[in-house]
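Visitor: Input: one structure, supplied below.
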Amino acid sequence: AAGAEKNTGDGAGILLQIPDVFFRRECARLGIALPPPKEYGVGMVCLPTDANDRVACQALVDRIVRDEGQIPLGWRDVRTDRGPIGDTARRNEPVFRQILIGRGGSLRDAAQFERTLYLIRKRMENGILTSGLEQKNYFYVGSLSCNTIVYKGMLSADQIEAYFPDITDSAVESALALVHQRFSTNTFPTWSLAHPFRYLAHNGEINTLRGNINWMRARERLFESDLFGDRIRDLLPVIREGGSDS
C-alpha cells in the first residue's frame, strides 16, 4: 500500500524475539553490562528530532523506570538508512533509540517483569502526552518487552531491511519473524501506526473504529485485576485518541 509517492509506504515492520547475542555485543561496545536473558527488557522508542525535547523525553522515561523499581541500563542509537524512503515519510521521521532496562530485585520472574514493562510503557505514553513538549507527538514506544522487539516505520515491506540494518546483522537470531505491511483503512499512515503492533498485526476498519474505542472506554470503568490491583488505573486509556482500534 502506498500513496501517490511510491517510495512512501503505509507502514511495515517485523516482530522478532529479542536477539540476545546481538544486544550483548552491541551493549558491550557501549559499556553497558547486560544481565541474563529475560532479566532485561528492550524498548524500541521513537523520539523527537528536536534535541531538547529528545533529552526531556529520555529523562522522563528514565525517571519512570526508576519509580517502578527497575534499572535503566542505558540507551542505544538504532542505525537507520533513510535513503530508500520518500519525502513524505522523511518529513515526520523520528529518531529511533532503544532503552535497555534491567529487572528489579523485587520481581519474582519474567512474567511479572513483562507486566511491569507494560505498566512502565503506559506511564511513559501518558507522561509525554500530557507534557508541554512541542514535539511530543513524535514520541512512541513500538515495543517494550523482555521477550520480543518490533522494528517498524512508515515503510513498505521491501524497505524494512534497508532502513534498519540491525535486521540483517548475522548476530540477530530469532525463532519467529512476524512481518506485516499495512493497508491504511481507518487512520492515515504515520510512523507510529505502522504494523505489526506489539502483540498482533491487524487492519482496523473505518466503520468499527469509533464504536470500538467507545466500547473500550465504557469497559475501562469495570476493569479489575488480581495481578495489577489498584495500579490498573495507570494503564488507562487502553486506546489513545488518534490511534487504531487494533
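Visitor: So, in the stretch 86-103, of the ones that are at pLDDT below 95 and touching a Gly at 6+ places or on another chain (Cβ under 8 Å), which residue ends up least open to solvent (accessible area, probe 1.4 Å)?
Guide: Going through the qualifying residues, I end up with ALA89.
Visitor: Filter the stretch 14-45 for residues that are assigned to a strand (DSSP E or B) and open to solvent by 10 Å² or more (accessible area, probe 1.4 Å); which is nearest to LEU200 (Cα to Cα)?
Guide: Checking each candidate, the answer is LEU15.
Visitor: Return the pair list, or none, for Cβ contacts closer than 7 Å from residues in the stretch 60-73 that are without any contact (Cβ under 8 Å) to a residue 60 or more places away in the chain to residues that are surrounded by fewer than 16 Cβ atoms within 10 Å (Cβ to Cβ) and of a type in the set (S, T, N, Q), at least 6 apart or on different chains.
Guide: Pairs found: GLY69/SER106.
Visitor: Select from the stretch 141-180 the residues that are aliphatic (A, V, I, L, M) and part of a loop (DSSP other than H, G, I, E, B) and list them in ascending order.
Guide: Result: MET154, LEU155, ALA171, VAL172, ALA175, LEU176.
Visitor: Under the condition of being of a type in the set (Lys, Arg) and not in a helix (DSSP H, G or I), which residue from the stretch 100-136 is nearest to LEU60 (Cα to Cα)? Spell out how you get there, then give the answer.
Guide: Here is the first cut: in the stretch 100-136, the ones of a type in the set (Lys, Arg) are 103, 108, 115, 121-123, 136.
Filter once more, keeping what is not in a helix (DSSP H, G or I): 103, 108.
Values: ARG103: 18, ARG108: 26 Å.
In this case the residue turns out to be ARG103.
Visitor: Mind listing whichever residues of the stretch 14-41 are under 20 Å from GLU161 (Cβ atoms) and either of a type in the set (Val, Ile, Thr) or at pLDDT below 95 (or both)?
Guide: ILE14, ILE18, VAL21
Visitor: Sticking with this one: Of all residues in the stretch 53-79 being open to solvent by 60 Å² or more (accessible area, probe 1.4 Å) and among the β-branched types (Val, Ile, Thr), which is nearest to LEU119 (Cα to Cα)?
Guide: Taking the candidates together, the pick is ILE71.
The values are calculated or read from the model by the stated rules, or taken from the named source; none is laboratory data. Just so you know, these numbers come straight off a predicted model, no measurement behind them. Here Cβ is always computed from backbone atoms with ideal geometry, including for glycine, and neighbour counts include all displayed protein chains. Surface accessibility is based on the protein's heavy atoms, side chains included, excluding ligands, DNA and RNA. Shrake-Rupley method; radii C 1.70, N 1.55, O 1.52, S 1.80 Å.
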